[in-house]
1. Could you work out how much longer the chain between Ala255 and Leu302 gets when fully extended? Use 0.36 nm per residue separation minus the Cα distance between them, nm to one decimal.
2. Scanning the chain for helices, which whole DSSP H stretches are 20 Å or more long along the axis (Cα) and average -1.0 or more by Kyte-Doolittle?
3. Taking square-rooted eigenvalues a ≥ b ≥ c of the alpha carbon gyration tensor, is region 144-301 rounded, prolate or oblate, where a/c under 1.5 means rounded and, failing that, a/b exceeding b/c means prolate?
4. Hey, how many Å between the Cα centroid of region 62-96 and the Cα centroid of region 262-295?
5. Sticking with the crude label model, points 7 Å out along Cα→Cβ, report the distance from Arg107 to Glu165 in nm, one decimal please.
6. Mind putting a number on the dipole of the chain about its Cα centre? Charges go on the C-beta only, +1 for Lys and Arg and -1 for Asp and Glu, and I need it in Debye to the nearest 20.
7. Round to the nearest 10 and report in Å² the accessible area of Trp41, as given by a 1.4 Å probe over the protein chains' heavy atoms.
8. Pick from Leu242, Leu270, Leu228: which residue has the top mean-square fluctuation in a GNM of the chain where Cα pairs under 10 Å get a spring?
Amino acid sequence: MQDERIDQIRRFNRTVTQRIGALDDAYLSRDRPLGQARLLWEIGTGTSEVRALRSRLGLDSGYLSRLLRALQADGLVVVEAADADGRVREVRLTPDGLAELAELDRRSDDSAAAILQPLNESQRDRLVSAMADVERLLTASMVRVDAVDPGHPDARYCIQAFFAELADRLEAGFDPGVSHTADPAQITPPAGLLLVATLHDEPVGCGAFRLRPGPSGVVPGPDAYAELKHMWVSPTVRGLGLGRRLVAELEAHVAGAGVRTVRLDTNGALVEAIGFYKTAGYREIDAYNDEPYADHWFEKTL
């Protein structure tokens with residue numbers, strides 16, 4: 001990785017932490033540091049599971065517990081067992097906590113306005129636009145992609161969400177029992193692979209391939225190919241480049257298995273997918289299978 005990129009990120013971090021007051025013991029001139037204020041915002045006006053807060057904020061259990069104890073000592077939060085499951089801890093704001101949250105919101109708005117105030121209108125637009133880009137890219141950098149067993153709950157969630165979207169978008173609907181979907185064994189090494197993307201430990205995308213024999217019947221072999229299956233990205237994270245990342249990682253695993261040809265089928269109703277595959281280097285070919293829901297077929301040589 002280029003040293004100048006690392007240097008720029010570090011300079012950016014130093015400027016931001018100073019400008020937003022992250023170095024102050026009393027963030028926004030309140031009697032608490034930024035960590036406690038951020039936790040109040042994350043809890044919000046409802047009830048949150050402690051483990052969900054830990055996941056969303058990326059905190060270890062010990063540090064989160066210390067933050068919660070400090071807020072409890074100030075009378076701002078209540079931590080208690082969930083009604084449905086006593087093993088699950090939930091947290092909510094007290095009336096004093098809700099009042100503190102409202103005050104933090106007001107002061108945070110004032111702080112944001114103070115950043116914009118010295119700038120002219122063009123500079124304000126540039127800053128806000130740049131911040132939106134940085135937010136998207138930082139979110140993209142927090143997505144994890146891992147190989148998982150098809151029976152894992154995250155994998156089952158993603159595949160079912162993929163099937164549900166197909167049923168909604170295809171004119172004839174979608175029945176997995178009719179489609180030539182990949183069996184779990186076909187996307188389990190060494191026969192294939194399933195990748196699942198997660199953000200804050202929540203599944204947000206998946207992609208798989210299964211190795212298929214060519215005329216020689218040998219897998220892997222000189223005429224074998226990999227078939228992409230179950231390519232899905234949650235609407236909540238579209239636009240972050242996750243689809244391209246999943247395909248690139250799948251292609252790398254295919255190449256590592258000694259296979260150089262990748263194929264896939266799709267439906268014309270999935271206009272975005274067709275455009276995506278074309279820009280990813282796939283060319284349209286004649287039908288190579290009899291998938292009942294497919295009317296477009298693609299191939300790429302790695």
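The values are calculated or read from the model by the stated rules, or taken from the named source; none is laboratory data. The model shown is predicted, which means the values in this text are computed figures rather than measured ones. Here Cβ is always computed from backbone atoms with ideal geometry, including for glycine, and neighbour counts include all displayed protein chains. To get the accessible areas, we keep the full protein, side chains included, count just its heavy atoms, and leave off ligands, DNA and RNA. Shrake-Rupley method; radii C 1.70, N 1.55, O 1.52, S 1.80 Å.
1. Working: separation 47, 0.36 × 47 = 16.92 nm, distance 0.71 nm.
Taking 0.36 nm per residue and subtracting the Cα distance, the gain is 16.2 nm.
2. On the way: long enough: 3-19 (24 Å, -1.70); 95-116 (32 Å, -0.22); 121-141 (30 Å, -0.33); 153-169 (24 Å, -0.14); 242-256 (21 Å, 0.35).
Answer set is 95-116, 121-141, 153-169, 242-256.
3. Values: a/c = 1.42, a/b = 1.16, b/c = 1.22.
Rounded.
4. 50
5. Distance between label points: 4.2 nm.
6. Numbers: 35 positive and 46 negative charges, 181 e Å.
Using Cβ point charges on Lys, Arg, Asp and Glu, the chain gives about 860 debye.
7. Approximately 70 Å² for this residue.
8. Of Leu242, Leu270, Leu228, the most mobile in the Gaussian network model is Leu270.
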